[in-house]
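A short worksheet on the structure shown next.
The values are calculated or read from the model by the stated rules, or taken from the named source; none is laboratory data. Values in this document were obtained by computation on a predicted structure and should not be read as measured data. Cβ coordinates were reconstructed from backbone atoms using ideal geometry, including for glycine residues, and neighbour counts include every protein chain displayed. Each accessible area value is taken on the protein alone, full model and side chains, heavy atoms only, with ligands, DNA and RNA left out. Shrake-Rupley method; radii C 1.70, N 1.55, O 1.52, S 1.80 Å.
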Amino acid sequence: MTEATTLTTTAIGPSRWNGGRSPFKVSWGKLMMWYFLVGDSFSFASFLITYGALRFSYESWPAPTKVFSSFPLLEGVKLPLMFVSFMTFTLIMSSVTMVLAVHYGNHEMNRKKVVKWLSLTILGGIIFLASQAWEWTHLIVDEHMTLSQNPFGAPAFGWLFFTITGFHGFHVLTGVIINCIVTTKVARGDYDRKGSYEMVEKIGLYWHFVDLVWVFVFMAFYLL
Amino acid sequence: MSDPVINPPLNPVYTGDTTHRQDSTGEIHDHGHHEHHKDNFITKYIFSQDHKMIAKQFLITGMFWALVGGMLSVIFRVQLGFPNQAFPILETIFGKWAPGGIISPDFYYMLITMHGTILVFFVLTAGLSGTFANLLIPLQIGARDMASPFLNMLSYWFFFMASVVMLASFFLPQGASDVGWTAYPPLSAVHEASPGSGAGMDFWLIGMALFIFSSLLGGLNYITTVLNLRTKGMSMSKMPLTIWALLITAVLGLLSFPVLLGAAILLIFDRTIGTSFYLDNIFINGHALPNDGGNAILYQHLFWFLGHPEVYIVILPAFGLVSEVLATNARKPIFGYRAMILSLLAIAIIAFVVWAHHMFVTGLNPFVASVFVFLTLLVAVPSAIKVFNWIATVWQGNIKFAPAMLFAIGFVSMFISGGLTGIFLGNSALDIELHDTYFVVAHFHIVMGISAFFGMFAGVYHWFPKMYGRLMNNTLGYIHFWVTMVGAYMIFWPMHYMGLAGVPRRYYSFDAFQSFNMFGGLNEFITMAAMLVFFAQLLFLINFFYSIFYGRKLTNENPWQSNTLEWTTPIKTGHGNWPGDLPTVYRWPYDYSKNGDEYIPQTTPLREGETGGH
Amino acid sequence: MSNEHGESANMVKLILKTTLWLSIITIVEIIAAVLLTDLFERNNMLIVLNSFYIIMSLAKAFFIVSVFMHLKFEVKFLAITILIPMTFLLFAVVALLAEGNSWLQMRNY
Ligand code: HEM
Ligand SMILES: [Cu+2]
């Protein structure tokens, strides 16, 4: 197959850059997803840069281990950063299940396995969103950290936290919705008929990107 | 179902699929299979997925906005040229906005804000790169259509929705946004700060958000199309400079518009849910706002991180169009093809690291400022390379003075004049004196406003035959050019002197300043010139719409004897562009006056012993 | 086609190995944050700890992009076109941190 195509294009020149095909050996759809993510990383970056600039303009900043030290159902116990660790692991695991779904789609076109791993990914996404909902509720209701006040110190911490984790959560939510749609399509056999599971790969890229962003959000709010 | 066509199809009209032509390894499968589907009025003219129709939609919407935006400037120029003079007709038209026939200050600020927003974003971004990226990318790289015709259609309709929202904001009881096209907080963040800071600003933000989606959808499509869908033989170094320019424009947009979106989202949060990203220590009507702890300068950084690339998003397509028009009409190869590409890339890269030159007087840390001065002045190098290459291209050429060519030459003149003043402004020491004066207004109107318009006019006159199969009227074109060229200099040249004397921009009236009285006559002159230029543009509109229906019919598919691929398509180009197979490319697009041939299209194979291109 | 299965198994192994690394890094980061912050703060060495977090986060990002997003296995130039724009962000981060710091200085005047 590849031999045949190289033969027809040698008349023009062997380089993949000479037209008639993708220089990157990828379809336009996947390329578009990649460049969309590059663009989206700039919107996240604008928020994180805002965070950096404002933080540097403050004398002091709340200590993450003090702000994030509660765990659901364990009232009164101080468990610094434990709940967010759980959230982070959920997200990493959902990335792993996603990459397995992509793998079994591309390599084996195995509909059953793809549906299984995609469903687990969706589950991970939902657990993450639920955890975030709990964390927000706890911070607002119990700790009284809101958009305008912050008992832990710099008020900017509050609105930066809610805005940025909110924007990330919004991405997770869209990811979950898209994953649900694609899982249905996989289960219906749409991609078997089409002969390509590339759509799973494309939404996989998006999902990993959401995980990637979390790495930096996590660093900014929970570690630094 | 789609077996390869070995014999040429009986029906010469391409009726294949224009969407799915690439498998997951990026090989193009282009088979003209026969599957007749009839276009009805709606799918052909309204929700069209044909890139050529979408280009026309962008162009005509852009023209509408140019008319509106230009009209706004004529109205506020009346106030500047004839302050406190009553023109009862203004009250008849605008009612409470012009009591007694004198434009009110609030109305004045609304006018300049919307003028800037409309012209920078809706005309010179969507109208310019939306039109020509759509028209030229598939045609000049040899593709059936954009990578995703559907997203391309969405891109236009997002622009359309943005237009509706912006237009609607004029009719709000408190009027449209009046905080300047840059929408700096706190004016833009606090509802009560000015009449337009309320609902007008909300509409502005929604309109801009829709606009950003539109340009992202468009840009993603342009980038992937250029990279993935070039026809056989169309290597990157055989692409016309138009395509290079449009590709880099799209990259600039992809990387900078998300930042504006971020800035706008934070602004919306400050306005609605009580965050304080941009707000600190604000007193309004005698009471303090609860918002505290943010920084208004932060917005300026985010805005200009987009804003500076944005000015190059406006001018790069014009660079590309002008390069193409100059080479074709001088009947000479473009001078320094590779240098042209490298300088485009250099300009694009530098564009991301100079934004703070708009902020020298914000109390920017002087060390940071000096870094930005250095980086800003660097941009003069690639800009100068381009200018010299354009001049060398037409030097001793066999020049055909078509209207497109005149506008291209005028572009070079304007770009030089405006670029030079940029170098003044790029020095922070000078900018402290010149910032927010009419010197800046002169700078950016010449280098961006007029230049980009000239690039656009060159493009429209040159590719009109491709769009409509007819020619525009030359005489009207010449009048249009000369009036605009001379008129534009009459408007903006004097502004340099006013700026050097310290006349500030964005002032409703200078009554309170004795020292600026001397410019009363000059202001009157500028206003008259502005009206003259505005009416010359009506000439263009008449020419354009008249020629669509009654222009001289094209008899030859290549009226300018040009080398690029779009002129190898039939005069009435169908969806899919080439009736048979896609063309194959053998040479660069600038083989003019070579070995005794006046022009050699890109589809002509290299001759015995001939080396390709440059 | 016979090595298709072996390749597939290898890939799964690589995925699991990457998962392990991501987990280890995260655990180490959290342990450091919980146990070491006070110590470093007292000795005015927080910058060391913070640099550690940044480097570790970049390492995690590298794993996610190269293995999970498969970029390691794509044509190299694709990776280059994606990474070049990120240098602009680096510049912006440095410039705005400097700005934030200078806002603080000005407020303290
Ligand atoms: C030699 C190259 C250039 C240099 C060194 C330069 C420098 C500058 C500087 C320093 C300013 C800020 C002036 C101030 O507000 O005090 C400025 C404003 C501006 N420039 Fe340029 N410029 C150059 C070319 C261009 C080009 C090619 C464009 C557009 C196509 C452009 C568009 C603008 C715009 C729109 C503004 C004003 C925005 C506003 O404040 O409303 N400039 N330029
Ligand atoms: Cu600039």
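A full extension of the chain between A:Arg193 and A:Phe89 corresponds to an added length of 33.9 nm, given 0.36 nm per residue minus the alpha carbon distance. Taking 7 Å steps out from each Cα toward its Cβ at A:Glu108 and C:Leu97 produces label points 4.5 nm apart. Using the Cβ-Cβ distance between C:Ile31 and B:Val164 with R0 set to 41 Å, the FRET efficiency works out to roughly 0.15. Given their separation in residues at 0.36 nm each and the Cα-Cα distance between them, B:Gln85 and B:Ser593 gain 177.0 nm when the chain is fully extended. Charge dipole of the stretch C:1-71 (Cα centre as origin; +1 on each Lys and Arg Cβ, -1 on each Asp and Glu Cβ, all else neutral): 40 debye, rounded to the nearest 20. A simple count of charges around B:Leu255, restricted to other residues whose Cβ falls under 13 Å of its Cβ and scoring Lys, Arg +1 and Asp, Glu -1, yields -2.
Counting Lys and Arg as +1 and Asp and Glu as -1 over every other residue whose Cβ lies under 15 Å from the Cβ of B:Trp157, the net charge comes to 0. Packing, taken as the mean count of other beta carbons within 10 Å per residue, orders the peptides A:80-86, B:176-182, A:209-215 from highest to lowest as A:209-215, B:176-182, A:80-86. Ordered from longest to shortest, the equivalent ellipsoid semi-axes for the stretch C:1-71 are 36, 11, 6 Å, each the square root of 5 times a Cα gyration tensor eigenvalue. Size of the stretch B:484-603 from its Cα atoms: along the principal axes, largest to smallest, the extents are 71, 36, 27 Å. For the stretch A:30-141, the per residue solvent-accessible surface stands at 39 Å², with DNA, RNA and ligands left out and a 1.4 Å probe. The helix-only estimate of mean residue ellipticity at 222 nm for chain B, built from DSSP H runs of length n ≥ 4 each weighted as -39500 (n - 2.57), is -19000 deg cm²/dmol after division by the residue total. Of all beta bridges that DSSP places with both ends in the protein assembly as shown, some 100 percent have antiparallel geometry. FRET efficiency for the B:Met528 to B:Asn474 pair, using the beta carbon distance and R₀ = 41 Å, is estimated at 0.90.
Protein heavy-atom surface of the protein assembly as shown, 1.4 angstrom probe: 69% of the accessible area is carbon and sulfur, with nucleic acids and ligands not counted.
Choose one answer from A:Gly52, A:Gly124, A:Gly166: the residue with the largest mean-square fluctuation in a GNM of chain A with alpha-carbon springs under 10 Å. In the Gaussian network model the winner is A:Gly52.
In this structure the stretch C:1-71 gives 59 Å² per residue of accessible area when probed at 1.4 Å with all protein chains present. The mean count of C-beta atoms from other chains within 10 Å of the C-beta of residues in C:45-56, rounded to a whole number, is 2.
Summary of packing: across the peptides B:248-258, B:161-171, the per-residue average of other C-beta atoms within 10 Å ranks them, highest first, as B:248-258, B:161-171. Membrane-span-like helices in chain B (whole DSSP H runs, Cα extent of at least 15 Å along the helix axis, mean Kyte-Doolittle hydropathy of at least 1.0): B:51-81, B:131-141, B:149-169, B:199-228, B:241-272, B:296-330, B:337-351, B:366-378, B:380-394, B:403-426, B:520-550. For chain B, lysine pairs separated by 8 or more sequence positions, or belonging to different chains, with Cα-Cα distances below 13 Å total 10. Taking a straight line from the alpha carbon of A:Lys66, these lysines sit under 23 Å away, with near neighbours fewer than eight places off in the same chain left out: A:Lys78. Converting the Cα gyration tensor eigenvalues of chain B into ellipsoid dimensions via √(5λ) gives semi-axes, longest first, of 42, 27, 24 Å. When each full DSSP H helix of chain A is screened for a Cα extent of at least 27 Å along its own axis and an average Kyte-Doolittle hydropathy of at least -1.0, the helices passing are A:28-56, A:82-108, A:111-137, A:155-188, A:198-218. Estimated from the Cβ-Cβ distance and a Förster radius of 30 angstrom, the FRET efficiency linking B:Ile423 and B:Val74 is about 0.45. Each of the GluC sites (Glu not before Pro) that DSSP puts in a loop and that has at most 11 other Cβ atoms within 10 Å breaks chain B; the longest unbroken stretch is B:36-607. Listed by chain and number, the lysines whose C-alpha is less than 23 Å from the C-alpha of A:Lys185, apart from same-chain residues fewer than 8 away, are A:Lys30, A:Lys112, A:Lys113, A:Lys116, A:Lys194, A:Lys202.
Any chance you could check the stretch A:76-96 for residues losing 30 Å² or more of accessible area when the partner protein chains are in, compared with the chain on its own (1.4 Å probe)? Checking the loss per residue gives A:Leu81, A:Phe89, A:Ile92, A:Val96.
Residues A:Glu198, C:Glu7, sorted by accessible area with the largest first, give C:Glu7, A:Glu198 [1.4 Å probe; ligands and nucleic acids excluded].
Across peptide A:52-65, the average count of Cβ atoms from other chains found within 10 Å of a residue's Cβ is 6.
Take the accessible area of chain A alone and of chain C alone, subtract that of the pair, and you get about 4300 Å² summed over both chains, using a 1.4 Å probe.
What net charge is computed for the residues neighbouring B:Ala408, neighbours being all others with C-beta under 15 Å from the C-beta of B:Ala408, Lys and Arg scored +1, Asp and Glu -1? Value of the local net charge: +3.
Averaged over the residues of peptide B:252-263, the number of Cβ atoms from other protein chains lying within 10 Å of each residue's Cβ is 6. Between A:Leu79 and B:Arg607, the simple spin-label model (points 7 angstrom out along Cα→Cβ) gives 8.3 nm.
Multiplying the residue separation of B:Lys553 and B:Ile60 by 0.36 nm and removing their Cα-Cα distance gives an extension gain of 175.4 nm.
When A and B come together, around 3500 square angstrom of accessible surface is lost from both chains combined, probe 1.4 Å. Over chain B, accessible surface divided per residue gives 37 Å², non-protein components excluded, 1.4 Å probe. Buried between B and C is an accessible area of approximately 1300 Å², summed over both sides with a 1.4 Å probe.
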